[in-house]
Amino acid sequence: MQLNRSNIYRFTLVLFSGILLGLTSCNQKKQVSGSQYIERNDLVDIIKDMHLMDGITNDMQYYRKFNPGDSIDIYSSIFEKYNVDREAYERTIKEYSKHPKLLDAVYDDVLMKLSIMQDELEEEENREIEKLKEQRQNKTNNR
């Protein structure tokens, strides 16, 4: 299944902007910590995976395979992957929302990881294109 990069980035930017606009607290706490919260690095990866999942499920090819009326929980597999539950995620996001600079830093890391993934995909595509060009050139030269 091919990811639609423009949808991923568009959704990420809209969500990021919405969160920033919705934040009203300016408390300057250095970190969110405690056993009731998801660790920051895991939170970054969870949010990244959620944006990727949103990008996939917003793709028209996805809707051809699955009925949009189906009530599927697209995030449950992500929560399982990181061994967290929805409540811990929501509690962590709520706490980060009280500290806009911390949430900003989390989303900066999410965007950085998504950008790295995009760069890696583009590099791989370019290698494949070059490989195909070489194969075509070799076939042409062998004739």
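The values are calculated or read from the model by the stated rules, or taken from the named source; none is laboratory data. Predicted model, so just to flag it, every value in this text is computed and none were measured. Cβ sites come from the backbone with ideal geometry, for glycine too, and all protein chains shown count toward neighbours.
I'd like to know if the range 80-87 contains one or more residues that are within 22 Å of the chain's Cα centre (by Cα), without any contact (Cβ under 8 Å) to a residue 24 or more places away in the chain and within 21 Å of Asn58 (Cβ to Cβ).
Yes, the range 80-87 contains a residue that is within 22 Å of the chain's Cα centre (by Cα), without any contact (Cβ under 8 Å) to a residue 24 or more places away in the chain and within 21 Å of Asn58 (Cβ to Cβ).
Does the range 84-140 hold any residues that are in a helix (DSSP H, G or I) and basic (Lys, Arg), and which are they?
Arg86, Arg91, Lys94, Lys101, Lys113, Arg127, Lys131, Lys133, Arg136, Lys139, listed by residue number.
Residues are listed down the side, and each one gets a yes or a no for (1) more than 20 Å from the chain's Cα centre (by Cα); (2) modelled with pLDDT under 90:
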{"site": "Thr92", "(1), (2)": "no, no"}
{"site": "Tyr96", "(1), (2)": "no, no"}
{"site": "Ile116", "(1), (2)": "no, no"}
{"site": "Asn126", "(1), (2)": "yes, no"}
{"site": "Arg143", "(1), (2)": "yes, yes"}
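Surrounded by 18 or more Cβ atoms within 10 Å (Cβ to Cβ), within 17 Å of Met53 (Cα to Cα) and either at pLDDT 95 or above or not small (Gly, Ala, Ser) (or both): does that describe Val106?
no
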